[in-house]
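What follows is a short report on a single structure.
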Amino acid sequence: MNVEQTTPNNFVPFYPHSVNILTAPTNSGKTTFLIDTLKHFTTYYTGPVEGALIVLCNPVVNGDCYKELESEHFCVDIDYIENFEATNLKENFVLIFEDVSVLSPIILDCCNVRSHHLNLATIFVIVQSVLDNSFKTLLPLAQNLIYSFSGVNGIRLTKYIKKYYFASDEVKHYLSSITKNTAKFDSFLLLNLNQIARTDRPNYFAILGVNNMHKQILDSPTLVFPQLNKDMAYRSAYDDNETETTLDPSTLPPNAYLLVPIQNVKKRSQQPKQESSKEEKWNTLNNMLKQEIQLNMRGRKIPAALAIVSKMLRYSDFSFSDDGTQVMIKKHKKTAVPIIDFLEVAARPMIPNEKPDPLFCIYVDTLMRRGAPRSIIKNKSLFAHFKPDDVNKLKFGKRNKKHKH
């Protein structure tokens, strides 16, 4: 790997001048999480951290748990919001507004101006519900949103973010594929909401289990999801890495990268090259499909078709004939079609009033359910006929009879 590929902005969540909203119900572990980030600041912060300033916004809260972090090399200052002034801020400090119930002007000033001009390590604003009207003004100022997806508030917040912060259907679909896996992991989800104008701005889109990063226990995983336009950079940097884990890969979200201790990582390229018959078959099939596409397709369709086939080869839902000319949904022989017929339709723009072959729609729906980006399908009419997961309910034999003529 080169230096660019291994930069911390691929997976380290907090960077200088950034603003982070942490929202979750009472007793959900918000304070514990922030204390853990300060205990393990080399894991969580890309820049230097020399101390923390805790601003208590609730009179019944004290900062004793933070004060325990203080040492000869790490300073912890505690202030109540009514006494807090911007002159108290120090360079390379983490600023935490704890248990905010009223969004005061000084909080907005710190997020808008002070974070950058005073070179703060980062800012955290902790609230119970950011969807309260008085707190929604925070969202445009924040680079990261950290929240728990469990419960009604998490679902409402995700719907709000999808509606007002992501215009692209592809990004909305990507977020949906991430959040539907979040509840079962019972972890905080960090979402990169607004990019910051820095050369080291993050390449990640989301980090699931951000509160587990310091634990280095695979039973409590941390999963990193790249920005859609950075997917190839992540593959180039990390696809040679592998590790042993008790986790079932089929239970993990697609397009996720699992963070593991460096000592557990092995390089596939440095292992003895004993290619199995299964690997040989896969490589042969891959080459045959590329040749089939290049011989039978023209122009802009070729790169689009190659991108689609690349995804189909990665997903176990698809089964190819030995010569690479036919493809079908695994265990459903009546879905078999010539691969070029499908690619010719999927790799070109739609035409007016087009009614595509229902089997082609099944193929596209299957790709989407496995996490493939919508952008690889150029013919948008193929999205029209199925909602997510409908493919599991189809009885292919009956459907083929209906369309036999």
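Checking the cross-link filter: which aspartates and glutamates have an alpha carbon closer than 17 Å to that of residue 380, excluding same-chain neighbours under 8 positions apart? Reachable aspartates and glutamates: 169, 170, 341, 344, 354, 357, 365.
For the range 276-339, report the translational diffusion coefficient in µm²/s to the nearest whole number, using Stokes-Einstein at 37 °C, 0.692 mPa s, and a Kirkwood Rh over Cα pairs. Don't jump to the answer; show the numbers that get you there.
Working: Rh = 12.2 Å.
D, rounded to a whole number, is 269 µm²/s.
Please report, largest first and rounded to whole Å, the three semi-axes of the ellipsoid equivalent to the range 62-111, where each semi-axis is the square root of five times an eigenvalue of the C-alpha gyration tensor. Working shown, then result.
Working: eigenvalues 85, 37, 15 Å².
After diagonalising the Cα gyration tensor, the semi-axes are 21, 14, 9 Å.
Suppose we look only past 40 Å in the calculated P(r) of the chain. What percent of the Cα-Cα pairs does that tail hold? Don't skip to the end; give the middle numbers.
Working: 22600 of 81810 pairs.
Summing the P(r) tail past 40 Å for the chain gives 28 percent.
For the chain, the longest principal axis of the Cα atoms and the long axis of helix 30-39 meet at an angle of about 80 degrees. Helix 358-369 and the long axis of the chain differ in direction by around 30°, with both axes built from C-alpha atoms. In the chain, helices alone account for a calculated mean residue ellipticity at 222 nm of -8500 deg cm²/dmol, with every DSSP H run of four or more residues adding -39,500 (n - 2.57).
Its relative contact order, with pairs defined as Cα atoms under 8 Å and 6+ residues apart, puts the chain at 13 percent.
Two numbers describe the Cα atoms of the range 277-396: Rg and Dmax, which are 13.7, 46 Å. In the calculated pair-distance distribution of the range 1-91, the portion above 16 angstrom amounts to 64 percent of the Cα-Cα pairs. Can you tell me which aspartates and glutamates have their Cα less than 18 Å from the Cα of residue 67? Leave out same-chain residues fewer than eight positions away. Here the aspartates and glutamates satisfying the reach criterion relative to residue 67 are 36, 50, 77, 79, 98, 99. Counting only DSSP beta bridges with both residues in the chain, tell me the antiparallel percent, nearest 5. In the chain, approximately 45 percent of DSSP beta bridges are antiparallel ones. Across all directions, the average projected area of the convex hull around the alpha carbons of the range 181-242 is 5.3 nm².
Taking amide H atoms as placed 1.01 Å from N in the peptide plane, the amide H of residue 193 lies under 5 Å from those of 144, 145, each 5 or more residues away in sequence or on another chain.
Say the cut-off is 27 Å between C-alpha atoms; which of 184/290; 281/311; 281/330 go over it? Display every interim value, and only then the final one.
Working: 184/290 39 Å; 281/311 17 Å; 281/330 17 Å.
As for pairs spanning more than 27 Å Cα to Cα, those are 184/290.
Rule-based calculations on the coordinates, nothing more; no lab input. Since this is a predicted model, take the numbers as computed values, not measurements.
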